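The next block holds one structure in the form of structure tokens; read it before the comments.
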Amino acid sequence: MRAAMYYNNSDIRLEDIEKPKIGAGELLVKIQASGICGSDVMEWYRIHKAPLVLGHEMAGEVVEVGAGVASFSLGDRVAATHHVPCFACHYCLSGHETVCDTLLSGTHFDPGGFCEYVRLAAINVQHGTWKLPDHVDYDMATFIEPLACVLRGQKSAKLKPGARVLVLGAGISGLLHVHLASVCGAGLIAASDLSRYRLDAAKKFGANFVFDARDDVARLFKEANNGFGADLVIVCAGAKQAFKQAMEVVGRGGTILFFAPTMDGVTLPLSVNDLFWRRDVTITTTYAGGPADCVEALELISHGRVRVKEMITHRFGLADTVEGSKLVAGGDESIKVIIRPQE
């Protein structure tokens, strides 16, 4: 079968590899759509594992069913999440399933979504695969996993109706945060980015105000918010400056959600007195989305509450995966890029 083999961000080759064989409890899925995640083009994070087939935001058709699988049949339209928890360890049982060792061990997809067929391991079939409603197409279904991550992040940050929210970075994750915050009843919503194209998109998906990230974002937000800082700041940009801006703009009693990673090795200076003493600021983080978050994401997509289809700007066949990856890595005029492996 054909696969887009990743060597680095500029070197993704169309290669022939062996089609996966499934065993008991497993599924073989013919991939119809795979979204390119920002993490797919974090070269510092991926390159030490190269060559490999990336792609974890995937949807397709079940074409083989392993012995013992009762929940799925040939022809089912499905989406799957690439890593799932064990549901039995200390972390899972205390509500932190996304830091379970089983989940953190990496993807269980064989090989990855940027190819023609993927084997879903039994643990994915049991805990991380869902049938799609007829009206949810494959492209829409690629948003289930990224929206689940955003949902979990906003739960962790305890977003409340009427909250004044600032999202730093208006790439796909930032736009999903803006849109979801709007759907969930946030009051004032603002976003910052370096790209005018993405700032215009933020307005479309619910932002009341947008700011150029090169400006004094803390001052501009407070001017828009009657002099007050943000109740919730969501950092969706990996630049160190974005993390500094978050600490400047968060209001008393507010929360900062560190959603995006930085480059490896980046550290931040924190003033305990300025941030915490007499300000009651909470800093929280989040990683991934659990199966329950994926189910919620599918519901939001299925009922049109989160308008994911409007976020798709580009679609490419498998041979053009490198072009799609360059768009995502370069932050050009794109929001969501979809790869269709059967084209």
In which sequence would 252, 278, 152 go, from the one with the fewest C-beta neighbours within 10 Å to the one with the most?
278, 252, 152
Options (1) 158; (2) 148; (3) 130 are given for volume of the Cα convex hull per residue in Å³, and the computed one is (3)
For region 209-288 versus region 1-22, the gap between their alpha-carbon centres in whole angstrom
39
Add -39500 (n - 2.57) for each DSSP H run of 4 or more in the chain, then divide by its residues: what number comes out at 222 nm, to the nearest 500 deg cm²/dmol?
-7500 deg cm²/dmol
Descending semi-axes in whole angstrom, ellipsoid equivalent of region 1-107, from the Cα gyration tensor:
25, 23, 12
Here the percent of antiparallel bridges among DSSP beta bridges lying wholly in the chain, to the nearest 5, is 55
Who wins for biggest fluctuation among 289, 35, 254 in a Gaussian network model of the chain, springs between alpha carbons below 10 Å?
254
Mind checking region 155-214 for trypsin sites (Lys or Arg not before Pro) that DSSP puts in a loop (not H, G, I, E or B) and that have at most 16 other Cβ atoms within 10 Å?
158, 214
Build a GNM of the chain with springs between Cα atoms under 10 Å: which of 129, 267, 81 gets the top mean-square fluctuation?
267
Once the piece of chain linking residue 18 and residue 52 is laid out straight, how much longer is it, given 0.36 nm per residue of separation minus the C-alpha distance between them?
10.9 nm
Taking a straight Cα-to-Cα line shorter than 24 Å from residue 49, and setting aside same-chain lysines fewer than 8 residues away, one finds 19, 21, 326
Need the list of aspartates and glutamates near residue 30 for cross-linking: C-alpha distance under 16 angstrom, and skip anything on the same chain fewer than eight residues off.
16, 18, 57, 61, 64, 76, 110, 116, 137, 139, 343
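No lab work stands behind these numbers, since they all come straight from the coordinates. Not measured: the values here are computed from a predicted model. Cβ: placed from backbone, ideal geometry, glycine included. Neighbour counts: every protein chain shown.
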